1. Looking at the stretch 108-125, which of its residues are surrounded by 11 or more Cβ atoms within 10 Å (Cβ to Cβ) and closer than 23 Å to residue 55 by Cβ?
2. Within the stretch 140-155, is there a residue that is surrounded by 15 or more Cβ atoms within 10 Å (Cβ to Cβ) and either assigned to a loop (DSSP other than H, G, I, E, B) or modelled with pLDDT of 90 or more (or both)?
3. Looking at 117, 165, which one is farther than 30 Å from residue 42 by Cβ, out of contact with any Lys or Arg (no Cβ under 6 Å at 6 or more places or on another chain), not hydrophobic (A, V, I, L, M, F, W, C) and not in a loop (DSSP other than H, G, I, E, B)?
4. Condition first: closer than 30 Å to residue 45 by Cα, hydroxyl-bearing (Ser, Thr, Tyr) and free of Cβ contacts under 8 Å to residues at least 60 places away in the same chain. Can you find one or more residues in the stretch 78-93 that meet it?
5. Starting from the stretch 109-130, keep only residues that are at positive phi and not assigned by TED's automatic domain parsing to the domain that holds residue 99, then list their pairs with residues that are modelled with pLDDT under 85 and among the β-branched types (Val, Ile, Thr) whose Cβ atoms are within a distance under 7 Å, requiring at least 6 positions of separation or different chains.
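The values are calculated or read from the model by the stated rules, or taken from the named source; none is laboratory data. Everything numeric in this text was worked out from a predicted model, so none of it was measured. Counting neighbours? That spans all protein chains shown, and the Cβs are built from the backbone with ideal geometry, glycine included.
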Amino acid sequence: MRLFRLASFGQGGRASLAAGGLFFLVLAASPAHALDDPKEMLPNPQQEARAEAVGSLLRCLQCQNESIEDSSAPLAHDLRQIVREQVREGKTNRQIIDWMVARYGNFVRLRPPLTATTALLWATPFLGLIVGGGAAFLARRRRPAPPPPLTEAERARLEALTRPTS
């Protein structure tokens, strides 16, 4: 039980606990890059910054909601290596992204360009609302008219049928 008592640490223990807590808070707030191996980084800082910028524009095809720079999936690792290799070869950011798009399609971009296909994809919910509203409007218009009121003869007959017999 004595192991769990914080009071036994004294003042130095509390300070180190606070420092450890602060360290983990800063660590949690910092951006996470998924470079698994420091050898993966390019030795030239400018090239590495370019590779990270290009990688942050490309989607991990396995995770689908992360860039290849943020993902730790094996496929993202392979794509990061390809990007860094092409940066090392001197290709421009546009050439690298075009190469990736030619190989994997526009899905590899985290922000795909506006084309007829993507416009239709974004417009589909609104089109669904318009079509559904139109169908509801037409269904309401085609509702049959209410029946005419009962004549005196019909009322008398109804009263005779519903009158309790004693």
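1. Matches in the stretch 108-125: 108, 109, 110, 112, 118.
2. Looking for residues that are surrounded by 15 or more Cβ atoms within 10 Å (Cβ to Cβ) and either assigned to a loop (DSSP other than H, G, I, E, B) or modelled with pLDDT of 90 or more (or both), one finds none in the stretch 140-155, hence no.
3. 117
4. Yes, the stretch 78-93 has at least one match.
5. none
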